[in-house]
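See structure below.
The values are calculated or read from the model by the stated rules, or taken from the named source; none is laboratory data. It should be emphasised that the depicted structure is a prediction, and the values quoted were computed from it without experimental measurement. Reconstructed Cβ throughout: ideal geometry from the backbone, glycine too, with neighbour counts over all protein chains shown. Just the protein is used for accessible areas: all its heavy atoms, side chains included, with ligands, DNA and RNA removed. Shrake-Rupley method; radii C 1.70, N 1.55, O 1.52, S 1.80 Å.
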Amino acid sequence: MARRKIIAGNWKMNMTPSEAKALVETLKDLVNNPEVDVVYCVPAIDIVPVVEAVKGTNVEVGAENMYIEEKGAYTGEIAPAMIVDAGAKYVIIGHSERREYFKETDEFLNKKVLKAFEHGLTPILCCGESLEQREAGVTLDWIRLQIKSDLQNVTAEQAASMVIAYEPIWAIGTGKTATTEQAEEVCKAIRETICEIYDEATAESIRIQYGGSMNAKNCDELLAQPDIDGGLIGGASLKPDFGRIVNYVK
Ligand code: PGA
């Protein structure tokens, strides 16, 4: 069975609750594509208003982060049960900005992935290499290592249901998209790694996104690749361009 495409917006630290409601309204008619899963991953404080604003549409909501504990004395953190109760279905885990600025390690991210599954949230697990790593020729080894570390103790059934986003760090927010060949090569390697850890069926079922300056101009070619099942979109998710990506041309 063909995998359903999943186009997710990563709003990052943008949009106040009022701005968020206005953006959902602006995008409402543009993101209507029944053949594609559409997700808005939004700041925690926007989850409740955005869930409310997308009611009756095809859009699902995700968080951009969560903590690994159930509840308690972790000032400023967001518990998985809070995300679920607010109505979100997805959670981004291990975005390179969190790895870099907040020093999130693979060991910690593995705990987050397991915790997300415990609560029925679908993780969108991010991986990606730096420019130095790409130039040193270690991209594929690095990505395999990230995937294997982050998926420790994740079952085949869980892995089959999740999303992995390949986001080369040098392509994020830079306007410098990976070439179609580079993006497909890594997404294919991720699928092969999933096959190695689990089996063919799991590898065929897991959805792999490309992220990093995906926009209205380059989305058609990227989304036509056999191992690219969608996109994780930063900058362009805050604009009407997002609707064009959701309605990519086959
Ligand atoms: P970008 O961000 O589309 O602005 O490059 C992608 C991301 O960080 O998820």
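Kindly establish whether Ser237 is of a type outside the set (D, E, K, R), within 12 Å of the ligand (Cβ to nearest atom) and at pLDDT 95 or above. For Ser237, the condition - of a type outside the set (D, E, K, R), within 12 Å of the ligand (Cβ to nearest atom) and at pLDDT 95 or above - is met.
Considering segment 89-112, the residues that are among the aromatic types (Phe, Trp, Tyr) and more than 14 Å from the ligand (Cβ to nearest atom) include one that is most open to solvent (accessible area, probe 1.4 Å), namely Phe102.
Mind listing whichever residues of segment 206-234 are touching a Gly at 6+ places or on another chain (Cβ under 6 Å) and over 30 Å from Glu157 (Cα atoms)? Hit for segment 206-234 is Ser213, nothing else. Is it true that Leu140 is within 16 Å of the ligand (Cβ to nearest atom), in contact with a helix residue (DSSP H, G or I) (Cβ under 6 Å, 6 or more places away or on another chain) and open to solvent by 40 Å² or more (accessible area, probe 1.4 Å)? No; evaluated as a whole, the condition is false for this residue. Residue count for segment 185-233 satisfying the condition of being buried (at least 23 other Cβ atoms within 10 Å of the Cβ) and either within 13 Å of the ligand (Cβ to nearest atom) or at positive phi (or both): 11. Against the conditions (1) crowded, with 17+ Cβ neighbours inside 10 Å; (2) more than 16 Å from the ligand (Cβ to nearest atom); (3) of a type in the set (A, V, I, L, M), Val163 satisfies every one except (2). So which of Tyr40, Tyr67 ends up being aromatic (Phe, Trp, Tyr) and more than 16 Å from the ligand (Cβ to nearest atom)? None of the other options fit; the residue is Tyr67.
Please specify each residue of segment 113-137 satisfying the condition of being surrounded by 14 or more Cβ atoms within 10 Å (Cβ to Cβ), out of contact with any helix residue (DSSP H, G or I) (no Cβ under 8 Å at 6 or more places or on another chain) and not in a strand (DSSP E or B).
At the first step, the residues of segment 113-137 found to be surrounded by 14 or more Cβ atoms within 10 Å (Cβ to Cβ) are 113-117, 119, 121-130, 133-134.
Applying the additional criterion that residues be out of contact with any helix residue (DSSP H, G or I) (no Cβ under 8 Å at 6 or more places or on another chain) yields 114, 124.
Once the filter is applied, which keeps residues that are surrounded by 14 or more Cβ atoms within 10 Å (Cβ to Cβ), out of contact with any helix residue (DSSP H, G or I) (no Cβ under 8 Å at 6 or more places or on another chain) and not in a strand (DSSP E or B), segment 113-137 yields only Leu114.
For Gly175, the criteria (1) open to solvent by less than 20 Å² (accessible area, probe 1.4 Å); (2) over 16 Å from the mean Cα position of the chain (by Cα); (3) within 16 Å of the ligand (Cβ to nearest atom) hold in every case but one, which is (1).
Elements of the type strands (runs of 3 or more DSSP E) sitting completely within segment 1-112 and holding at least 3 residues that are under 20 Å from Ala160 (Cα atoms) and not small (Gly, Ala, Ser): these cover 5-10, 36-42, 90-93.
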